[in-house]
Amino acid sequence: MKLRMVTHVEHPELRGKLSLWPEFMHHDEAVSEFWPQLYEVYPDFQLWLLDGRRLVGYGCTLPVAWDGEPHPEGIRWAVRNGSSGRPTTL
C-alpha cells in the first residue's frame with residue numbers, strides 16, 4: 001500500500017467520488033449552508049487520500065482560530081466563526 005495525500009486543487013475531479021458522511025450530517029443547517037463552499041473558499045485544505053490511483057479517504061477541513069477549549073456549538077461555531085482571526089488549527 002503506497003498512500004499519498006493530494007489536495008482538491010491538485011485533483012478537483014475527486015470531489016463526490018467517495019461519501020463517508022453519517023446521516024445526521026446531512027441534516028445540520030450550518031453544514032448544509034457552508035460545507036459546499038469549502039471547495040471554493042479553502043481548496044488547499046480539502047484533502048484526498050490515494051492508494052496508488054484508488055481513492056481511499058478524504059478530509060474536509062478549514063483553518064480556524066481556536067484556543068483549544070471545546071466550544072458548545074462545535075462544528076457550527078467552526079464554520080460560522082472559526083475563520084475570523086489568525087488560524088491556529090484545522
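At a glance:
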item: Mean shadow area of segment 3-61 over all directions, Cα convex hull, nm²; result: 4.0
item: CD proxy at 222 nm, helix term only [per DSSP H run n ≥ 4: -39500 (n - 2.57); per residue of the chain; nearest 500]; result: -4000 deg cm²/dmol
item: Dipole-positive endmost among HIS26, SER84, VAL9 within the chain (Cβ charges, Cα centre); result: VAL9
item: Highest to lowest packing among 14-21, 73-80, scored as the average C-beta count within 10 Å; result: 73-80, 14-21
item: The chain - percent relative contact order, Cα under 8 Å, separation 6 or more; result: 31
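Computed from the coordinates by the stated procedures, all read-outs in this text should not be read as laboratory data. All figures in this text were calculated on a predicted structure; none of them were measured in a lab. Methodologically, a virtual Cβ is constructed for each residue, glycine included, from the backbone with ideal geometry; neighbour enumeration extends over all protein chains shown.
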